[in-house]
Amino acid sequence: MDIKPMKILILEDDVTACNDFINCINSRDDINLVGITDSDIDALKYVKLRHPDGIVLDIELNNSISGNVDSLEFLDELKNLNLNYSPIIIVTTHINSSKTYDILHKKGVDIILYKNHPKYSSNHVLNQFIALRNTPSIHSVASLQEDILETENKISNLIYHELDLIGITSKLKGRKYAHDAILYLIQNRRSNCESNINVIQYLTKVYKRSNNTISTGIQNAITHAWNVSSLEDLATHYTAKINYQTGIPSPMEFIYYYVEKIEKLI
């Protein structure tokens, strides 16, 4: 029997975030968008009429025109609806407070995702809905999160190992940029979603650095590796063709080579 796409409602006031969700949902066949709004009042109407399976809830609606700035009240009003089912609720927030997280979990939130986390993306949020839907009830949310983290750690360790093999050590700032770029692209490919933001722009958002700073950092790490590592090690562990004029790969050539290589190792 075919599984029907999940019906998702999004309560979010950031236009860019809304567009990211829309673009990502349009590229998937396991999610249907039943509504998107910046108003907690309108969101309750969507719940009554469309009965979403999952709700994305931004708890800071600072730009909301017709609703409350703090959407915590939405959770209380949702309970007052006395629905005959329990939608999965994922909160997205810039707030990193254990006290706030405790309050949210007590109000019935399933997962809280920190927007400033390097791994955060609209597609990552949507993947959590699918994972929770497909997780047997005997599994706790904590167990699900541990599985997700274990997979991410496995990929992360593979990336760092490959960088070590060619001499890009932890002392190089560009190592972290390169690692996060490779991980970001792998995660998006594995979820079959093409992000509308390129990987360098993604890193500038995460690290609050300019495009030039990020690109230069990665290029410096690559240059260091090609200066200090033996030709035998480079030929063994980096098998892509290199422009004979430069003698070293560009940041994007380097990143995409390792995206392909790591995906084959997973």
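The values are calculated or read from the model by the stated rules, or taken from the named source; none is laboratory data. Bear in mind that the values here come from a model prediction, so they are computed numbers and not experimental data. No Cβ is skipped: glycine too gets one built from the backbone with ideal geometry, and neighbour counts run over all protein chains shown. Heavy atoms of the whole protein, side chains included, go into the accessibility calculation; ligands, DNA and RNA do not. Shrake-Rupley method; radii C 1.70, N 1.55, O 1.52, S 1.80 Å.
Of the numbered criteria (1) more than 22 Å from the chain's Cα centre (by Cα); (2) farther than 18 Å from L132 by Cα; (3) modelled with pLDDT of 90 or more, the one S39 fails is (3).
Are any of the residues in the stretch 196-209 within 21 Å of the chain's Cα centre (by Cα), within 25 Å of E232 (Cα to Cα) and modelled with pLDDT under 95? No, the conditions are met nowhere in the stretch 196-209.
Yes/no matrix, rows are residues, columns are (1) open to solvent by 50 Å² or more (accessible area, probe 1.4 Å); (2) under 28 Å from C18 (Cα atoms):
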| site | (1), (2) |
| --- | --- |
| I186 | no, yes |
| I242 | yes, no |
| T246 | yes, no |
| Y257 | no, no |
| E263 | yes, no |
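Quick grid of which residues meet (1) open to solvent by 10 Å² or more (accessible area, probe 1.4 Å); (2) touching a helix residue (DSSP H, G or I) at 6+ places or on another chain (Cβ under 9 Å):
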{"position": "A17", "(1), (2)": "yes, yes"}
{"position": "D20", "(1), (2)": "yes, yes"}
{"position": "D29", "(1), (2)": "yes, no"}
{"position": "K48", "(1), (2)": "yes, no"}
{"position": "L61", "(1), (2)": "no, yes"}
{"position": "L72", "(1), (2)": "yes, yes"}
{"position": "K79", "(1), (2)": "yes, no"}
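Among the residues of the stretch 3-19, those identified as in a loop (DSSP other than H, G, I, E, B) and either under 17 Å from the mean Cα position of the chain (by Cα) or under 13 Å from T92 (Cα atoms) (or both) are E12, D13, D14. Restricting attention to the stretch 206-231 and to residues that are open to solvent by less than 50 Å² (accessible area, probe 1.4 Å) and assigned to a loop (DSSP other than H, G, I, E, B), the residue that is nearest to P251 (Cα to Cα) turns out to be S229. Scan the stretch 31-46 for residues that are open to solvent by 20 Å² or more (accessible area, probe 1.4 Å) and closer than 16 Å to P87 by Cα and the total you get is 6.
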